[in-house]
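Structure first, commentary second.
The values are calculated or read from the model by the stated rules, or taken from the named source; none is laboratory data. Fair warning: this is a prediction, and the values are worked out from it, not measured in the lab. Cβ: placed from backbone, ideal geometry, glycine included. Neighbour counts: every protein chain shown. The accessibility values were calculated without ligands, DNA or RNA, using every heavy atom of the protein model including side chains. Shrake-Rupley method; radii C 1.70, N 1.55, O 1.52, S 1.80 Å.
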Amino acid sequence: DRDGGRGLRPDPPPAAAVRQVTVRVEAVACGWRTAGSGALIGDEARGRGIGRWAERLTVTKAFEEFGAHRIYGRIPAFNTAAKKVVASQGWTYEGVMPGHIKRPDGEMLDCEIWGATPEQFFEAVNKW
């Protein structure tokens, strides 16, 4: 069982619903690894648990297969749905990047940084 017996591999969503999922693992000079995670979910799939599913699988992969010691992500400050997903998976708010996103109309938007350790993540998802 690829998830270490934790039951973290639910049935996948329809492939068309997930537009992009990325996990980037960065090796730091001291040998520790951090991972950045991101998922773009299509409008037609919102509210069906697909983002939660995608995030859970990518973070599990980062920790178990890539050996990351922590995960982080940038979330637009207005995106309450994404913040609910990561908070339910043990992530915590770590700070804000003012004016990090520039919209096509020139409006500057803040972006929040959220992160978790393997202990925080697995403790949260094992309660599901």
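Ordered from highest to lowest accessible area with the whole protein assembly present and a 1.4 Å probe, Asp105, Asp110 read as Asp105, Asp110. For the range 59-128, the list of trypsin sites (Lys or Arg not before Pro) that fall in a loop by DSSP and count at most 13 other C-beta atoms within 10 angstrom reads Lys127.
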